[in-house]
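The values are calculated or read from the model by the stated rules, or taken from the named source; none is laboratory data. Computed from a prediction, not measured in an experiment: that's the story for all the values here. Quick reminder, even Gly has a Cβ in these numbers, built from the backbone with ideal geometry, and neighbours come from all protein chains shown. Ligands, DNA and RNA are stripped out before the accessible areas are found, and what is left, the full protein with its side chains, is counted by its heavy atoms. Shrake-Rupley method; radii C 1.70, N 1.55, O 1.52, S 1.80 Å.
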Amino acid sequence: MSSPSKPQIPFLELLPTYAELQAELDTAVLRVLRSGWYILGAEVDAFEADFAAYTGAAHCVSAGNGLDALNLALRALDIGPGDEVIVPAHTFIATWLAVSYAGAVPVPVEVRADTCNLDPAKLEAAITPRTRAVMPVHLYGQAADLDPILAVARQHGLKVVEDAAQAQGAKYRGRRVGAHGDAVCWSFYPGKNLGAFGDAGAVTTDNPETARRLRMLRNYGSEVKYVHELKGINSRLDPIQAAILRVKLAHLDEWNARRQSLAALYLERLAGIPGLELPGVPAWAEPVWHLFVVRTPQRDKLQAFLKERGIGSQIHYPIPPHRQQAYAEMNLAEGAFPLSERIARECLSFPMGPHLKREDAERVAAAVAEFFRGGR
Ligand SMILES: *Cc1c(COP(=O)(O)O)cnc(C)c1O
């Protein structure tokens, strides 16, 4: 029954996200095909309005993908060559690449051990006269500690650009992520909590001038056709993806609630196991569990043990950005960010998603408990 290439409990399955909403999605896609309008337009405007309303931001400007959204947000805030931008040492590398791609320099800061998010206490020491912005990441679906980050940023005149690619619907102190900082950047990559069926992204902001610049920058720097105010790029949300995202946005809270209930199951079944560190949830956080990430020094053995039992898992992320070949120029040796390096060595993500069956999550938890009881 169990073939190692196709686990019985896969880490994540995307087909059920189509199957559950098939009738609505088919109708939405056909509506775009039959409209005769294939770039920007009414469908994209409608998604932007819906998503702005959902996040509580005054404006939403969509983009082609999450990396572009991050890059466009930095450029809209006039951040570029000669500038430094503070980023977490532990994140998906896109956060860093967006800074590099804007011509600025990413300056890593260590994260907190409990949440794996930017440590506000380490922020101030990384600020130099060149620092222009700080980019907290709401990693794994849990908000970074925004209040102290915003306070330090305000004190030093820095912009705050949030990477919320993994956090659609997450709340910080009772309010949804989406307009705490100067710009909040989203990815709708298929596996995200709100996922398209292709690439898609957006930026939300309360600032009308930032929104205006974003609209120009994503579309050749132009507001009026063939009049170019800025050196923009082409990074527009596909109207077919916009139509899909409108359908899926209406189900986001329900799907996030399913993730929440699976996370509660994992947290309950796995509490108190020596050698297994569970994700920390501060009192002010309402995470949406994009990923359920544990830590253990026996990570590789645990992953192999689960694989033998037909259970898929993944590592988010195995190499910190400062140890990647792409950032070799930074000359940051092993040991430069010990906690982020330890997270990379010890983290493991269990199956999680709106279509993971409760009994399968029970089986994952039972297998993990068995491993730590000495089944290994
Ligand atoms: C997915 C992701 C991105 C990039 O999004 P794309 O749409 O794949 O470009 C950026 N940051 C984080 C934290 C992500 O998880």
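Per-residue answers, yes or no, for (1) outside any helix (DSSP H, G or I); (2) on the phi > 0 side of the Ramachandran plot; (3) more than 16 Å from the chain's Cα centre (by Cα); (4) at pLDDT 95 or above:
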site: ILE39; (1), (2), (3), (4): yes, no, yes, yes
site: VAL44; (1), (2), (3), (4): no, no, yes, yes
site: ALA53; (1), (2), (3), (4): no, no, yes, yes
site: ASN71; (1), (2), (3), (4): no, no, no, yes
site: GLY82; (1), (2), (3), (4): yes, yes, yes, yes
site: PHE92; (1), (2), (3), (4): yes, no, no, yes
site: GLY103; (1), (2), (3), (4): yes, yes, yes, yes
site: PRO108; (1), (2), (3), (4): yes, no, yes, yes
site: THR115; (1), (2), (3), (4): yes, no, no, yes
### Message
Just the residues that are assigned to a strand (DSSP E or B), touching a strand residue (DSSP E or B) at 6+ places or on another chain (Cβ under 8 Å) and away from the ligand (no atom under 11 Å from the Cβ), please, taken from region 164-203.
### Response
LYS171, TYR172, ALA183, VAL184, VAL203
### Query
Within region 15-23, is there a residue that is part of a helix (DSSP H, G or I), in the same structural domain as PRO239 (by TED's automatic domain parsing), more than 16 Å from the ligand (Cβ to nearest atom) and in contact with an Asp or Glu (Cβ under 8 Å, 6 or more places away or on another chain)?
no
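Residue-wise test of (1) of a type in the set (D, E, K, R); (2) touching a residue at least 24 places away in the same chain (Cβ under 8 Å).
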site	(1), (2)
VAL29	no, yes
GLY36	no, no
GLU43	yes, yes
ASP50	yes, yes
THR55	no, yes
### Task
Looking only at region 318-376, count how many residues are within 27 Å of LEU14 (Cα to Cα) and open to solvent by 50 Å² or more (accessible area, probe 1.4 Å).
9
### Task
Answer yes or no: is there a residue in region 64-71 that is touching a strand residue (DSSP E or B) at 6+ places or on another chain (Cβ under 7 Å), under 26 Å from ARG295 (Cα atoms) and either without any contact (Cβ under 8 Å) to a residue 12 or more places away in the chain or crowded, with 24+ Cβ neighbours inside 10 Å (or both).
no
